[in-house]
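Undergrad: The structure under discussion is supplied below as structure tokens; questions concerning it will follow.
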Amino acid sequence: MDVIALDGRTLTPAGVVAIARRRAQAELGPAARERNAAAAALVGELLERGDLLYGVTTGVGSLRTSPSPTEDPGAHQWNLLRSHAGGGGAPLTTEVVRAAMAVRANQIGAGGAGVGEGLLDALLGALRADVTPFARELGSLGTGDLTVLAEIGTALGGEGDCWVGDDIVPAADALAAAGLPLVTYGPRDGLAFMSSNAVSTGQAALVYHDAWRLLDAALGVAALSYDATDADLAVLDPRVHAARPHRGQIEVARRLRALLGERERRPGRAVHDAFVFRCVPQVEGTLLEALEQLRGVLEVELNVAGENALMLPGDGVALPNGNFHAGVLTLALDSLRGAMAQSASLIAARVSALLDPEVTGLTPQLAQNPGPDSGAMILEYTAHAAAAEVRSLAASAASQTTTVQSGIESHANFAGHSARRTSDALARMSVAVSAELVLSVRALRLRGREPAGPGVRRLYEAAAARLDAEMADRPLSSDLEAARQFLFEDALWMDAERE
């Protein structure tokens, strides 16, 4: 089994994916444990000095001025978790909850939380045993994923439910069956554990991984369409992109040239092609740059000490702060969805072009016998429906806000909402890319040749081996699903791992 080291400093999206999806073992390093232990010791020192400590010697939210009993601070933390476990809506998938658990464990290792060893070991133990707390998606405003983290915390204490395989089991029973003890909570465990956006950040890490895979697939399939239609490759000339040197645009053009190789311009062509071929580097370049922006945000957020108050053992103080505010993550995800909306629209338009005999020089609708046969026309509808859904999901989450707790918490950014909408948009956009793959392979089959470029030929050969070669009218849903699995599950033709 693979092991992912959590050190509170260097966790990457690839590490999150390995733990969440492939069940890699998460291990917290000694230095990260020492940082958390020092922060926990500071909590004890502050309590001994009689200092006020938010959520420990006081209530929370609008109750921050109300004192809490200090005779049994662990009981107060348990009550905080139980009272905040109030999420609603659909259940989160186990991979999202596992991603959140991995991110939270790593963030605790950054040294700002000061939770007890028992809670930290229970979190890591549940990951190793594949016991996943049951949690619901709604409840976070982007200023701490309170409800989901509370539901995870209460499950580790034996209340609520857990996923064990495909079954939902009472948490106490699931932990007992795995040989995991119930957590006894320390003086700051509840507040410190919930003071994080680990759920939104964990899902954003999964989205980042999947979106790179989508971009890789979209560029490969676009290259097939260039070849299937004999599109003019002058639009990929490096001199064109040196004249407008956006990093993403230059890189997309380079990758398309590598896939397609070189060929002569077809005689008798129009002076230039439609936007669906002329503007691919410009449109997909924005998607690439949005992903790079999200990567930069995740490099920080996956390893952040974002707790309020922030424990600083070296200085012997706890500082109130707003590091739990995830607006920077929301903006990065919103930007990614906006770029995806542009990309999905161009892909759907290219699907239409592949069905147009004026573009391809092939039969209308790529039909074997146009008229009696409808060919592949229905995939145009499906691709445009998918693109419309991507556009509808691109609405900004960062433009939303709210005020809760009598105005004390007077701003919000809805990072969790943005992460879920981006995940939904990826699923829709994958349908449009799959439709283009089915049509580009079909067009090349009708043309009676394989692509010339070495990179795109490898994609064609692998895809053609999966897609039914029958050209007569028949249901095409199975072709779409075969294309989707090939591009986004099997990934036989590309390396989808990104740091």
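The values are calculated or read from the model by the stated rules, or taken from the named source; none is laboratory data. Everything numeric in this text was worked out from a predicted model, so none of it was measured. As a convention, Cβ positions derive from the backbone with ideal geometry for all residues, glycine included, and neighbour counts pool all protein chains shown. All accessible areas refer to the heavy atoms of the entire protein, side chains included, with ligands and DNA or RNA removed. Shrake-Rupley method; radii C 1.70, N 1.55, O 1.52, S 1.80 Å.
Undergrad: Only residues that are open to solvent by 10 Å² or more (accessible area, probe 1.4 Å) and among the β-branched types (V, I, T): list them for segment 200-239, please.
TA: V235, the sole residue that qualifies.
Undergrad: Still on this structure, I have one more. In this structure, does A150 turn out to be of a type outside the set (S, T, Y), modelled with pLDDT of 95 or more, assigned to a helix (DSSP H, G or I) and open to solvent by 20 Å² or more (accessible area, probe 1.4 Å)?
TA: Criteria not met by A150.
Undergrad: Has segment 63-73 got any residue that is touching a residue at least 40 places away in the same chain (Cβ under 8 Å), open to solvent by 20 Å² or more (accessible area, probe 1.4 Å), closer than 30 Å to Q203 by Cα and out of contact with any His (no Cβ under 7 Å at 6 or more places or on another chain)?
TA: No, segment 63-73 contains no residue that is touching a residue at least 40 places away in the same chain (Cβ under 8 Å), open to solvent by 20 Å² or more (accessible area, probe 1.4 Å), closer than 30 Å to Q203 by Cα and out of contact with any His (no Cβ under 7 Å at 6 or more places or on another chain).
Undergrad: Taking V97 as meeting all but one of (1) open to solvent by 20 Å² or more (accessible area, probe 1.4 Å); (2) part of a helix (DSSP H, G or I); (3) in contact with a Phe, Trp or Tyr (Cβ under 9 Å, 6 or more places away or on another chain); (4) not small (G, A, S), write down the number of the exception.
TA: Looking at each condition in turn, V97 falls short on (1).
Okay, residues lined up against (1) of a type in the set (D, E); (2) outside any helix (DSSP H, G or I); (3) in contact with a Ser or Thr (Cβ under 6 Å, 6 or more places away or on another chain); (4) in contact (Cβ under 8 Å) with a residue 40 or more places away in the chain:
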| residue | (1), (2), (3), (4) |
| --- | --- |
| A318 | no, yes, no, yes |
| M340 | no, no, no, yes |
| E358 | yes, no, no, no |
| A395 | no, yes, no, no |
| Q400 | no, yes, no, no |
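Undergrad: Which residue, of T93, T132, is closer than 24 Å to N36 by Cα and without any contact (Cβ under 8 Å) to a residue 40 or more places away in the chain?
TA: Step by step, each of T93, T132 is checked, and only T132 is closer than 24 Å to N36 by Cα and without any contact (Cβ under 8 Å) to a residue 40 or more places away in the chain.
Undergrad: Residues of segment 309-337 being open to solvent by 30 Å² or more (accessible area, probe 1.4 Å) and either among the basic types (K, R) or under 26 Å from the mean Cα position of the chain (by Cα) (or both), which ones?
TA: Residues satisfying the conditions are G322, N323, F324, H325, V328, L331, S335.
Undergrad: Here is a further query. Within segment 270-302, track down each residue that is surrounded by fewer than 21 Cβ atoms within 10 Å (Cβ to Cβ) and assigned to a loop (DSSP other than H, G, I, E, B).
TA: Residues satisfying the conditions are A270, V271, H272, D273, A274, C279.
Undergrad: Inside segment 164-187, can you point out the residues that are part of a loop (DSSP other than H, G, I, E, B) and either out of contact with any helix residue (DSSP H, G or I) (no Cβ under 9 Å at 6 or more places or on another chain) or on the phi > 0 side of the Ramachandran plot (or both)?
TA: Listed by number, the residues that qualify are G165, D166, G179.
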